[in-house]
């Protein structure tokens, strides 16, 4: 997979190194020449010195051939411009954007070309809630501009889903239970899998189906 990462700071360079080790074709775009000179010997990826907010510069990098673009700079306004250009001008299939300031998270949606917005404070909050909450639906990650989410709930003893199979549960059409964690073991659910109190249920939901699934799992 060919991935372009815009921004070679600590976040961007770490992502680039991880993806390179995983065997992906990684292109890093960074406008700071001095930073590129320092980083090149330590990171064996393709480098391009350019301003990722300028369409002509992006075109020269070959970004149109990438399957994924990651806007990973330390400025939200820059990441939004990169995302918009990548999606609208170069038709990149998947755009992932870093959210630096939590209050700007609402801007990172499909109207700006963002498929997945990653906000560290929101992720930390979700992980804390996931660790301590029982009987509460916790949003772990948003997809497709916020229209779809990965959610988690640890079933309480009085959950209406306890003792039912996946098939009996009657999951909404636009939702899918993708995994159960029981006694620290991951279970891939099937139609005849019986849900138990204490299970951690992970599900993909749309905005429209979230309340219906919540009613089934929590009551």
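Only the coordinates and a few stated rules stand behind these numbers; no lab work does. Given the structure is predicted, the values throughout are model-derived calculations rather than measurements.
Please report how far the C-alpha centroid of region 175-219 lies from that of region 3-71, rounded to the nearest whole angstrom.
38 Å
Kindly express, to the nearest 10 degrees and within the range 0 to 90, the angle between helix 120-132's C-alpha long axis and the longest C-alpha principal axis of the chain.
Taking the Cα atoms of the chain, the angle to 120-132 is about 20 degrees.
Using every Cα-Cα pair within region 2-118, state what percent have a distance larger than 19 Å.
In whole percent, the long-distance tail amounts to 38.
Normalising by the residue count of the chain, find the relative contact order in percent from Cα pairs under 8 Å and 6+ residues apart.
13 percent
Express in % the proportion of alpha carbon pairs of the chain at distances exceeding 25 Å.
48 percent
May I ask you to derive the relative contact order of region 133-217, considering only C-alpha pairs under 8 Å and at least 6 residues apart, and to give it as an integer percent?
Reported as a whole number, the value is 36 percent.
How large is log10 of I(q)/I(0) for region 133-217 at q = 0.13, 0.15, 0.24 Å⁻¹ when the intensity is taken from the Debye formula with one equal scatterer per alpha-carbon?
Rounded to two decimals, the profile gives -0.35, -0.47, -1.24.
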